[in-house]
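The values are calculated or read from the model by the stated rules, or taken from the named source; none is laboratory data. Bear in mind the structure is a predicted one, so any value in this text is a computation, not a measurement. In this analysis, Cβ positions are derived from the backbone assuming ideal geometry, glycine residues included, and neighbour counts consider all displayed protein chains. Surface areas here come from the heavy atoms of the whole protein model, side chains and all, with no ligands, DNA or RNA. Shrake-Rupley method; radii C 1.70, N 1.55, O 1.52, S 1.80 Å.
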Amino acid sequence: MPIGNAFVTKDDFKTEYFYHMQVAVCRSCATLQVIDVPDPDQMFHDHYAYYASTSAFMSKHFKAMAEDIIARFVSKESPFVVEIGSNDGITLQHFANAGIPHLGVDPSSNVADAAREKGIEMLVDFFNRDTAEQIVTKHGKADVFIATNTMHHIEDINSVAAGVAKLLKPKGVMVQEDPYLGDMIEKTAFDQLYAEHMYIWSVTSLGNAFGRHGLEIFDIETNDFHGGCMRYFLCHKGAYEPTPRLKAQQEKEKALGLAKPETYDAFRRACEQSRTKLVELVRRLKSEGKRIVGYGATAKSATIINYCGLGPDDIEFICDTTPIKQQKFSPGAHIPVVPPAEFSANYPDYAVLFAWNHFTEIDAKEQAFRKNGGKWIIPVRLVEVI
Ligand code: TMP
């Protein structure tokens, strides 16, 4: 597999980086992870291709989250909020606008620059035990530690958990949200797995990982973003009462068998079935002379495209709104990435919606494609055509 967000130019083809992607589940702590992941410097750098603020729905979602956090957890005396993987400031801008002292930590300098332009204080670095100590020395302890769509990107999770334990005030809260294992299995959304998404967390596994460092989950919330995310609220052990919602989710995970090997055997079989269905569908449509493109050059799409062995002969191009991805080629399979104007200039018969998690937003704005007879191919839930 290539790195999901590593869009390439023709000059890069010969030196493109590939790694052997294998996914495993730990029998003792039930953590699902990609093993042998590439070095973090290969993935998070000065040309990181993902800008969170490209989605209007996501911007709204994180504004609501920031308002909720400000109301519930930010203290009046010496407020301080830290966010890691803060990207282009999609969430922290709301703390900055409210005049709340904050610090964004992100190793990718290009997205950090975009955040600085919004008046956000940034530290361009990886968050770990050492960075946490430096932050405490310089700014003091934090009321809130936020990580959205980030914790699943960090291999050395023990160093992060130790850092959070050092950073949080006694009643401080960690709010972490990322794609949820239960949803990935239920939807056969194997595209959640790629180099940058090396862990897919559950209440059980995240609780185990952070539990080793004196932290515990006391509440959760679910949402449909990124194809199904879980928001976890953690604190120092005993600082807050566990909520009934948390207990109910723990029971649900037992019923889903998230700690049982059989669950993952069934998931693997479903992934293989999904691959066969997608490849057969695309090849049949092509043999009927249909035009197929991709919509959303997501990092997730690299997993689907390369796992299914699809290429530019199957998928003409992938359109995407992110300028840094345009005029490049998709990682591994080298499908051209183009601006959305090319999609609307000559609508195809089918578009594989690689950004299937943004279906509502994209379908609403692409009504002309639909009126023209265009159909979406949704690559999850064992492949749907709508
Ligand atoms: P994500 O699923 O990781 O958020 O990535 C979404 C990708 O899809 C990102 O590259 C931007 C792209 N995109 C579009 O091209 N058009 C859209 O309307 C939306 C919402 C996303």
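Would you be so kind as to identify which of His213, Tyr240, Ile318 lies farthest towards the positive end of the dipole of the range 208-326, taking Lys and Arg as +1 and Asp and Glu as -1 on Cβ and the Cα centre as origin?
Result: Ile318, furthest along the dipole toward the positive end.
Only bridges whose two residues both fall in the chain count here: according to DSSP, what percent of them are antiparallel, nearest 5?
Given both bridge residues lie in the chain, the antiparallel proportion sits at roughly 50 percent.
Figure the gain on full extension for Glu121 and Ile35 (residue separation times 0.36 nm, minus the Cα-Cα span) and round it to one decimal in nm.
27.6 nm
Quick one: length gained pulling Gln134 to Ala24 fully straight, 0.36 nm per residue minus the C-alpha distance?
Length difference between fully extended and current span is 36.2 nm.
Residues of the range 279-386: accessible area per residue at 1.4 Å, in Å²?
I get 39 Å² per residue for this part.
Given a 1.4 Å probe, how much area per residue of the range 116-260 is accessible, in Å²?
Accessible surface, normalised per residue, equals 38 Å².
If I model a spin label as a point 7 Å beyond the Cα along the Cα-Cβ vector, how far apart are those points for Asp349 and Glu280 in nm?
Computed distance between label sites Asp349 and Glu280 equals 1.8 nm.
Pairs Lys286/Lys325; Lys325/Lys375; Lys171/Lys237; Lys141/Lys171; Lys187/Lys286: which exceed 19 Å Cα-Cα?
Checking Cα-Cα distances, Lys286/Lys325; Lys325/Lys375; Lys187/Lys286 exceed 19 Å.
For the pair Tyr240/Ala255, report the inter-label distance in nm, with labels modelled 7 Å from Cα in the Cβ direction.
In this crude spin-label approximation the distance works out to 2.5 nm.
Okay, helix-only estimate at 222 nm for the chain: each DSSP H run of n ≥ 4 adds -39500 (n - 2.57), divide by all residues, round to 500 deg cm²/dmol; what do you get?
-10500 deg cm²/dmol
Given a 1.4 Å probe and every protein chain left where it sits, what share in percent of the accessible area of the chain is carbon and sulfur?
Answer for the chain is 51 percent, counting heavy atoms of protein chains only.
Select from Pro40, Ile120, Gly85 the residue farthest towards the positive end of the dipole of the range 32-125; place +1 on Cβ of Lys and Arg, -1 on Cβ of Asp and Glu, and compute about the Cα centre.
The Cα lying farthest towards the positive end belongs to Ile120.
Where in the chain are the DSSP H helices whose alpha-carbon span along the long axis reaches 24 Å or more and whose Kyte-Doolittle mean is at least -0.5?
56-73
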